[in-house]
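A.B. asks: This structure is in structure tokens; I'll ask about it shortly.
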Amino acid sequence: MQKKITIAIDGYAGCGKSTLAKALAKALNYTFIDSGAMYRAVAFYCLENGFISENDEIDSTQLLKQLDQLSINLSPDQKVWLNNQDITEVIRSPKVARVVSKVAAIKAVRTKLVELQRQMSVGGGIVMDGRDIGTVVFPNAELKIFVTASIEVRTQRRLAELKTKGEDIDQEAVQHNLLDRDHQDSTRAESPLKQATDAVVLDTSALSREEQLDWALSRVALLVTD
Ligand code: CDP
């Protein structure tokens, strides 16, 4: 039997990490874990409970009081659950995207979610995507991929995705959110987004989904064949 490895995929907002991670997990029969969905779940909870003011300030005292009681689950059918409520679609909204990086900068939130991510991964055969997977969550992952794409391509892809879902948002707002999150995610004190020194870079700007998957599968093949 082929050995099962851990694959960490990190990179900037909207560069296609989750799409690649999902396809890779399917091709390898591994478990896919979207760590960004977990941060989005906490941001959604803050919005729902009025912990975020009109000017996007977070009442972290309120959040920290309730953090222990939050139950976040990812089911095998890729649905995201918050305290048994299906929040798969609502966490993709521009409203959540606007505040998620602030929530993700809170140390206690990261500690809780990183612990959960490690628990979910016991047994190996994991593809997890996010911002700190190769640097913090799984520093010993056998394969680390750092995904990039031009801001123009990222904006077009995310705009198309949101339009398909019926969101009324323009190109400028989408681009602003991607760049704003990149800035917040790379400059925060806790586990900032950065390329792990042993990561391989994949620029998806000019690659189709199939080409990205083929590239990643060839990387895996180098590691699992003895
Ligand atoms: O899919 P997209 O690139 O828009 O973002 P995401 O993966 O859903 O992540 C949403 C946000 O969660 C990011 O902008 C980060 O602020 C945060 N995040 C994080 O801090 N650490 C992770 N491992 C994953 C996401």
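A.B. asks: To the nearest 20 Debye, how big is the dipole of the stretch 18-83 about its Cα centre, given +1 on the beta carbon of each Lys and Arg and -1 on that of each Asp and Glu?
C.D. replies: Computed charge dipole of the stretch 18-83: roughly 460 debye.
A.B. asks: Tally up the carbon and sulfur contribution to the accessible surface of the stretch 6-214 as a whole percent, 1.4 Å probe, everything protein left in place.
C.D. replies: 48
A.B. asks: Something else now. Taking the chain as a Gaussian network, where each spring joins two C-alpha atoms under 10 Å apart, which residue of Asn55, Asn140, Asn83 fluctuates the most?
C.D. replies: Asn55
A.B. asks: Collect residues whose amide H, placed 1.01 Å from N in the peptide plane, falls under 5 Å from the amide H of Asp203; neighbours closer than 5 in sequence don't count.
C.D. replies: Thr148
A.B. asks: If you split all Cα-Cα distances of the stretch 79-170 into 5 Å bins from zero, what percentages do you get per bin, shortest first?
C.D. replies: Reading upward from the zero bin: 2, 9, 16, 19, 21, 17, 11, 3, 0.
A.B. asks: Using only helices, what value at 222 nm comes out for the chain when you add -39,500 (n - 2.57) per DSSP H run of length 4 or more and divide by the total residues, to the nearest 500 deg cm²/dmol?
C.D. replies: Taken over the chain, the calculation gives -15000 deg cm²/dmol.
A.B. asks: I've got another one for you. Give, in nm to one decimal, the length gained when the segment between His176 and Lys4 is fully stretched (0.36 nm per residue of separation minus the Cα-Cα distance). Before the final figure, lay out each step's value.
C.D. replies: Details: separation 172, 0.36 × 172 = 61.92 nm, distance 3.88 nm.
Fully extending the segment from His176 to Lys4 adds 58.0 nm.
A.B. asks: Could you give the length gained by full extension between Lys95 and Ser208, i.e. 0.36 nm per residue of separation minus their alpha carbon distance, to one decimal place?
C.D. replies: Working it through step by step, the gained length comes to 37.8 nm.
A.B. asks: Put +1 on the Cβ of every Lys and Arg and -1 on every Asp and Glu Cβ in the stretch 6-214; which of Thr197, Val137, Thr88 then has its Cα farthest towards the positive end of the dipole?
C.D. replies: Result: Val137, furthest along the dipole toward the positive end.
A.B. asks: Okay, next question. To the nearest 20 debye, what is the magnitude of the charge dipole of the stretch 6-214 about its Cα centre, counting +1 on the Cβ of each Lys and Arg and -1 on the Cβ of each Asp and Glu?
C.D. replies: Rounded to the nearest 20 debye, it is 320 debye.
A.B. asks: While we're on this one: With respect to the cross-link table entries Lys95/Lys165; Lys3/Lys26; Lys65/Lys112; Lys102/Lys144, which display a Cα-Cα separation exceeding 20 Å? Write out the running numbers ahead of the final one.
C.D. replies: Working: Lys95/Lys165 14 Å; Lys3/Lys26 16 Å; Lys65/Lys112 13 Å; Lys102/Lys144 25 Å.
In this structure, Lys102/Lys144 exceed 20 Å between Cα atoms.
A.B. asks: Right, something else. Any idea of the accessible area per residue across the stretch 6-214, 1.4 Å probe, to the nearest Å²? Can you show the working numbers first?
C.D. replies: On the way: 10100 Å² over 209 residues.
Per-residue accessible area for the stretch 6-214 comes out at 48 Å².
A.B. asks: Looking at the chain as a GNM with Cα springs under 10 Å, which of Asp180, Asp203, Asp56 has the largest mean-square fluctuation?
C.D. replies: The residue that fluctuates most here is Asp56.
A.B. asks: If you take every DSSP beta bridge fully contained in the stretch 6-214, what fraction is antiparallel? Give it as a percent rounded to 5.
C.D. replies: 25
A.B. asks: With the contact rule set at Cα under 8 Å and sequence spacing of 6 or more, what percent relative contact order holds for the chain?
C.D. replies: For the chain, the relative contact order is 35 percent.
A.B. asks: Now for a different question. Using a Gaussian network model on the chain with a 10 Å cutoff between Cα atoms, which of Gln175, Gln78, Gln195 fluctuates the most?
C.D. replies: Gln78
A.B. asks: I'm a student and want to see the number: the projected area of the Cα convex hull of the stretch 6-214, averaged over all directions, in nm².
C.D. replies: Result: 11.2 nm².
The values are calculated or read from the model by the stated rules, or taken from the named source; none is laboratory data. Keep in mind the model is a prediction, meaning the values are calculated, not measured. When we count neighbours, we look across all protein chains shown, and the Cβ atoms used for this are built from the backbone with ideal geometry, even at glycine. We work out accessible area using only protein heavy atoms, side chains counted, and drop any ligands, DNA or RNA first. Shrake-Rupley method; radii C 1.70, N 1.55, O 1.52, S 1.80 Å.
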